[in-house]
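J.: Dumping the structure here so I can ask a few things about it.
The values are calculated or read from the model by the stated rules, or taken from the named source; none is laboratory data. From a predicted model like this one, the values you see are computed outputs, not experimental measurements. When we count neighbours, we look across all protein chains shown, and the Cβ atoms used for this are built from the backbone with ideal geometry, even at glycine.
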Amino acid sequence: MNIHQNIDPNTTEAALAAAYAARRAALPGGVKLAEIRDEAMARFKTLGLPHRRIEAWHFTDLRRLLAEASALSGEAAAPQVADTGFADLKPARLVFAGGAFVAELSDIEGLGEGVEIAALSAGPLPEWALAQIAARRPAGDNAVFDLGLAMMSDGALIRVAAGCTPARPVEIISMSSGGGSVLRHVVEVGDGAKLRLAEHCSGEGAMTLTAMSIDLGDGARLDHVKVQDEGRSTAHLAPVVGLIGTRAVINSFTLTLGADLAREERHVRFDGDDGGGSISGAFLLSGKTHADTTLFIDHAKPGGQSREVFKGIVDDAARSVVQTSVVVAQHAQKTDARQGIHAMLLSDRAAHYSKPELEIYADDVQCAHGATVGELDENAMFYLMSRGISRTVAEAMLIEAFVFGAMDEIADDDLREAISAYALARLDQRQTHG
Amino acid sequence: MSSDFLNIENLVVEVAGKPIINGLNLTMAPGEVHAIMGPNGSGKSTLSYALAGRNGYEVTGGSVTFLGRDLTQMSPDERAAAGVFLAFQYPIEIPGVATMTFLKEAINAQRRARGLDDLPTPQFMRLVREKAKALKVSDDMLKRPLNVGFSGGEKKRNEILQMALLEPRLGVLDETDSGLDIDALKVVAEGVNSLRAADRSFLVITHYQRLLDHIVPDFVHVMAGGRIVRSGDKSLALELEREGYAEFETGMGQSAA
């Protein structure tokens, strides 16, 4: 990694640094956490916001794109929980509004033995959470993650003890307003334990920065889905760091729908033998949304299996970016990694950038990647219409058929149904308004 | 001679700026079966696409009147609702679209266009099962995505199943016999014959006479150079089988895709 020195902070960077200075004393956590925050802010100031000359940010020039955002100032509006699509699963709920936990809207009781769940701001930070916050950072420079580390005002702490499974799935609802919010979620699933986690992000805040770290013990399993349905003026930044143990499984799926600017980052290290899972997603973009998903998958040990599958449509003047970098270490024999990035452009002004990357240092592996960018298949359109189906309905059928191929990546039936229904409702809206 | 059913007059169709059909005339009455034969590149498939309204098959001259309406001004779905059905030479595979969903959407779209209510699901299921059985379309095929993994014969039977369900006034069969063995050909031909009716006509496009042993036409036309150059009864097909198309291929001046 190169070291980037930010000698001349722009107004957004200066405003963020000033916001930190002003809020520092009021931010939750003890002395230890304050030290971590200070160090993170120092790194952020050195690095500055990432820009297009940094390879991983080539298609998403955050420094330029965030220039207009009013960084974290403004008043939070009264929170109101929207329909997140997960109600049928009767999940436990942690609700955050404007970067603060809202106890009266949350429901974190009755999850059963071995499940610890709390808000980061709720009291002294538990040792396990502090240790994870201190230790988990993406490899290399990451100014956005550091910014989150410095400024986090709240977040979900979820810990499932070894061998336990919560009685209900857990849902994290983040609603931003005004200046926005900075959250940090900390998730630990112990050896042989299981967790189903759903995230929903919405609101009209200027900037939402939601970082998360996930530790999966040996034989643990996490089924994670996220709906990013932010307002059209929001910058949504969401770096996630995962450390996956031996024979552990992570299935993480993100449905990207909204925001003005979105950057999902997944740094996943398969740190034990035979770890596996799917880090995938679907996107339905319109308007002027710029949505970037960037993956760093690190197969550090033998026998790992991973899938990175992304499918989506890009309409109007929207832009999508999907970068999937998979590294297979020298000793990680028998790794099986499959990447697929498929986008359909529905407008002449829409754009999509794919960047699948494979770095293989082992010699006995199966790795594949494929990327396609296309338009609606005119032959298929004609076939459907020649049977009497209208252009609008034929389009909707083909779009659904295309995008919903990605939903198969969601292994958990309930979560897949919820995400599919959410996406379908969005496509129906498109059809009605289109 | 003209008809209220289908009247094609002096039709000119261009593909990518090149005329493929050059002044074609054809008249069909209700209940008739017309076969169009001709060498490769004579414009047979182009005629079928022009009738169904495929993009890129531009009518630049002449007229097509179907049941009193100007077909050339209608979109493919409007033509379907008006009663035109094209059985594709190469049916399209559409992964992700379930065959049953597609059939239901198609049937109901046409019912709505005719001012009818949607077919209730149990009735729809019964109807599909009944028609599928006759065409030896298995439940397994119906459960698969549209045409995906279907053999050539299965695809063609699926086309005829769609025709049986949609009950068009005019069925255009574009080389439905291509890629079929004799057993599959018989199943398809029986399917078509069972749909023959006093108010339904067929335009059977084929390169070989073989299909016409099973679907016996009232008229046979020879197409070459984008026109119908000779018409006759079913004996013309036998003559072509004997003599070949050589006579029509000389001095054509142009060939077409």
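J.: Of all residues in region A:383-422, which are part of a helix (DSSP H, G or I), over 21 Å from A:E308 (Cβ atoms) and among the polar types (S, T, N, Q)?
T.: A:T392
The rows are residues; the columns are (1) buried (at least 23 other Cβ atoms within 10 Å of the Cβ); (2) within 21 Å of B:M163 (Cβ to Cβ); (3) more than 8 Å from chain A (Cβ to nearest Cβ).
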residue	(1), (2), (3)
B:A50	yes, yes, yes
B:G56	no, no, yes
B:G62	no, no, yes
B:D70	no, no, yes
B:S75	no, yes, no
B:G83	no, yes, yes
B:F88	yes, yes, no
B:P91	no, yes, no
B:R114	no, yes, yes
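J.: Out of (1) modelled with pLDDT under 95; (2) surrounded by fewer than 17 Cβ atoms within 10 Å (Cβ to Cβ), the odd one out for B:F150 is which?
T.: (2)
J.: Among the residues of region A:348-361, are any in contact with a helix residue (DSSP H, G or I) (Cβ under 7 Å, 6 or more places away or on another chain), of a type in the set (S, T, N, Q) and either exposed (fewer than 15 other Cβ atoms within 10 Å of the Cβ) or at pLDDT 95 or above (or both)?
T.: No: region A:348-361 contains no residue that is in contact with a helix residue (DSSP H, G or I) (Cβ under 7 Å, 6 or more places away or on another chain), of a type in the set (S, T, N, Q) and either exposed (fewer than 15 other Cβ atoms within 10 Å of the Cβ) or at pLDDT 95 or above (or both).
J.: Is it fair to say B:G191 is of a type in the set (G, A, S), modelled with pLDDT of 95 or more and either crowded, with 18+ Cβ neighbours inside 10 Å or over 14 Å from B:R157 (Cα atoms) (or both)?
T.: Criteria not met by B:G191.
J.: What about B:A29, is it of a type in the set (G, A, S) and either more than 14 Å from every other protein chain (Cβ to nearest Cβ) or touching a His at 6+ places or on another chain (Cβ under 6 Å) (or both)?
T.: It is true that B:A29 is of a type in the set (G, A, S) and either more than 14 Å from every other protein chain (Cβ to nearest Cβ) or touching a His at 6+ places or on another chain (Cβ under 6 Å) (or both).
J.: Oh, and also: Does B:L103 satisfy the condition of being at pLDDT 95 or above, assigned to a helix (DSSP H, G or I) and not basic (K, R)?
T.: Taking the combined requirement at face value, the residue satisfies it.
J.: For B:L212, state whether it is away from chain A (no Cβ under 14 Å), buried (at least 18 other Cβ atoms within 10 Å of the Cβ) and under 17 Å from B:A35 (Cβ atoms).
T.: yes
J.: Would you kindly identify the strands (runs of 3 or more DSSP E) lying entirely within region A:316-379 that contain at least 2 residues that are in contact with a Gly (Cβ under 6 Å, 6 or more places away or on another chain)?
T.: A:336-345
J.: Could you check A:R184 against (1) in a strand (DSSP E or B); (2) farther than 29 Å from A:F59 by Cα; (3) of a type outside the set (G, A, S) and say which number it fails?
T.: Single failed check for A:R184: (2).
J.: Restrict the check to region B:137-145 and report whether at least one residue is among the charged types (D, E, K, R) and closer than 19 Å to B:A189 by Cα.
T.: no
J.: Which of (1) more than 14 Å from the chain's Cα centre (by Cα); (2) crowded, with 24+ Cβ neighbours inside 10 Å; (3) modelled with pLDDT of 95 or more does A:G217 not meet, given it meets every other one?
T.: So the condition that A:G217 fails would be (2).
J.: Pairs needed: first member in region A:120-146, more than 25 Å from A:R263 (Cβ to Cβ); second member anywhere, in a helix (DSSP H, G or I); C-beta distance under 7 Å; at least 6 residues apart or different chains.
T.: A:L125/A:L33; A:L130/A:K32; A:L130/A:L33
J.: Identify, by number, the condition in (1) within 14 Å of chain A (Cβ to nearest Cβ); (2) in contact with a Leu (Cβ under 9 Å, 6 or more places away or on another chain) that B:L203 doesn't meet.
T.: Checking B:L203 against (1) within 14 Å of chain A (Cβ to nearest Cβ); (2) in contact with a Leu (Cβ under 9 Å, 6 or more places away or on another chain), the one that fails is (1).
J.: Say we look at region A:257-276 and pick out the residues that are in a strand (DSSP E or B) and over 9 Å from the mean Cα position of the chain (by Cα); which of these is surrounded by the most Cβ atoms within 10 Å (Cβ to Cβ)?
T.: Looking at the filtered set, the residue picked out is A:F270.
J.: Does region A:380-411 hold any residues that are within 7 Å of chain B (Cβ to nearest Cβ), touching a helix residue (DSSP H, G or I) at 6+ places or on another chain (Cβ under 8 Å) and small (G, A, S), and which are they?
T.: Answer for region A:380-411, where residues must be within 7 Å of chain B (Cβ to nearest Cβ), touching a helix residue (DSSP H, G or I) at 6+ places or on another chain (Cβ under 8 Å) and small (G, A, S): A:A380, A:S386, A:G388, A:S390.
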